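Okay, structure first, notes after.
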Amino acid sequence: MTATWMLPDTTQAWHDEGHYYAAMAATQNLPDDFPAFFKDGVKTIAHLSIDPDVMKSRATPQLTNLESSEHYMDIEFIGNRKLPKTRYEFYKLCEELDLSPTKVGTAPYAITEWTQRLTTAFSEYRKSPDNPHIQMKCLIYAGILSHYSADMKMPLHTSIHHNGYVHEDGSITQKGIHAKIDSLPSKLSFNQIFKEKLAPLASEDDVFTFTVDELHKSNSYVKQAYELEPKMPATRDLDLYDKDVIAFTVDRERAAAWFTASLYLSAWENSKKMEVPFWLDRDLFDNQFDPDKVPDKQKAESAK
Ligand SMILES: [Zn+2]
């Protein structure tokens with residue numbers, strides 16, 4: 001039994017197919033001169049893309065508590081206030097607005113932080129391109145990052161209308177829309193969505209501002225999502241014929257892949273400017289480690 005057939009959790013965006021597809025297309029659409037190990041690692045990256053949803057489990061309550069709000073941000077809660085650039089400043093803003101950060105969601109911070117983890121790993125790769133541990137680290141960070149970036153391109157992950165339209169009188173209509181949209185990519189094949197190359201990628205110095213702009217763009221599709229909802233098939237129905245719903249699915253999945261690939265490219269470019277700490281000697285541990293020796297003495301000896 002695959003996750004596709006289980007009862008959908010409303011906080012789980014895009015079914016596993018949606019995440020797997022977006023991560024795969026993001027990696028495949030990187031420029032030709034992108035490091036080959038990364039492009040060859042496409043299956044590992046795509047594998048990891050599903051994990052932030054897998055980690056949400058009754059068996060891992062603390063992790064689930066942390067994880068849940070990383071997948072969305074209901075941007076309407078923030079009104080015309082500017083999102084601060086760091087997570088803890090955001091928590092302060094939430095306090096000021098009398099909102100819980102877990103209610104608003106923290107996705108832009110998760111995305112920026114994971115992109116910066118990837119930047120760090122790439123900066124090490126630039127110094128030691130043959131180190132297999134560093135390569136593996138890049139693939140893992142990229143896979144996890146792709147989950148959150150793809151979630152953000154599911155429009156309902158940016159909105160208070162995340163599972164039904166919330167009217168001013170407090171009434172809610174079109175409940176259940178979230179699961180319907182989540183399941184849309186699983187009704188199409190990878191090649192139906194990604195036959196053509198993605199649009200040229202962006203490489204951004206300021207990943208947070210880029211991410212917030214992309215969040216607002218995604219939010220602008222909420223209206224279209226609600227207009228199309230009556231034409232969307234039931235979650236478990238694998239047939240998808242309506243051309244407008246197909247176009248919406250293809251467009252949002254491609255946006256997820258484009259955003260993810262742009263974050264990979266940004267991490268790669270930004271890693272040029274990042275120095276590996278002077279005290280970090282990966283070779284000593286990864287290649288020369290001897291449990292009978294004191295590493296620093298060993299290093300001093302080999303320097304003689
Ligand atoms: Zn998610």
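Which one of these does Lys92 not meet: (1) out of contact with any Leu (no Cβ under 6 Å at 6 or more places or on another chain); (2) within 16 Å of the ligand (Cβ to nearest atom)?
Result: Lys92 passes all but (2).
State yes or no: is Ile177 of a type outside the set (D, E, K, R) and in contact with a strand residue (DSSP E or B) (Cβ under 8 Å, 6 or more places away or on another chain)? Reasoning before the result, please.
Working: of a type outside the set (D, E, K, R): yes; in contact with a strand residue (DSSP E or B) (Cβ under 8 Å, 6 or more places away or on another chain): yes.
So Ile177 fits the description; yes.
Hand me the list of helices (runs of 4 or more DSSP H) wholly inside region 129-228 holding 1 or more residues that are within 16 Å of the ligand (Cβ to nearest atom) and either small (Gly, Ala, Ser) or in contact (Cβ under 8 Å) with a residue 24 or more places away in the chain (or both).
Details: elements: 132-152, 177-182, 190-194, 207-219, 222-228.
Answer list for region 129-228: 132-152, 177-182, 207-219.
Select from region 110-146 the residues that are over 21 Å from Thr86 (Cα atoms) and of a type in the set (A, V, I, L, M, F, W, C) and list them in ascending order.
Within region 110-146, Phe122, Ile134, Met136, Cys138, Leu139, Ile140 qualify.
Determine, yes or no, whether Thr235 is more than 21 Å from Ala46 (Cβ to Cβ), surrounded by 14 or more Cβ atoms within 10 Å (Cβ to Cβ) and modelled with pLDDT under 95.
Yes: the conditions hold for Thr235.
Here's the yes/no breakdown for (1) within 13 Å of the ligand (Cβ to nearest atom); (2) assigned to a helix (DSSP H, G or I); (3) closer than 16 Å to Asp151 by Cβ:
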{"site": "Phe34", "(1), (2), (3)": "no, no, no"}
{"site": "Lys39", "(1), (2), (3)": "no, yes, no"}
{"site": "Lys43", "(1), (2), (3)": "no, yes, no"}
{"site": "Pro52", "(1), (2), (3)": "yes, yes, yes"}
{"site": "Ser57", "(1), (2), (3)": "no, no, no"}
{"site": "Leu63", "(1), (2), (3)": "no, yes, no"}
{"site": "Ser68", "(1), (2), (3)": "yes, yes, yes"}
{"site": "Phe77", "(1), (2), (3)": "no, yes, no"}
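Tell me the residue from His161, His167 that is crowded, with 20+ Cβ neighbours inside 10 Å, farther than 28 Å from Lys273 by Cβ and more than 11 Å from the chain's Cα centre (by Cα), please.
Going through His161, His167 in turn, just one is crowded, with 20+ Cβ neighbours inside 10 Å, farther than 28 Å from Lys273 by Cβ and more than 11 Å from the chain's Cα centre (by Cα): His161.
When you go through Thr86, Thr102 one by one, which is the residue that is away from the ligand (no atom under 16 Å from the Cβ), free of Cβ contacts under 8 Å to residues at least 40 places away in the same chain and β-branched (Val, Ile, Thr)?
Values: Thr102 fails: away from the ligand (no atom under 16 Å from the Cβ).
It is Thr86.
The values are calculated or read from the model by the stated rules, or taken from the named source; none is laboratory data. Fair warning: this is a prediction, and the values are worked out from it, not measured in the lab. Counting neighbours? That spans all protein chains shown, and the Cβs are built from the backbone with ideal geometry, glycine included.
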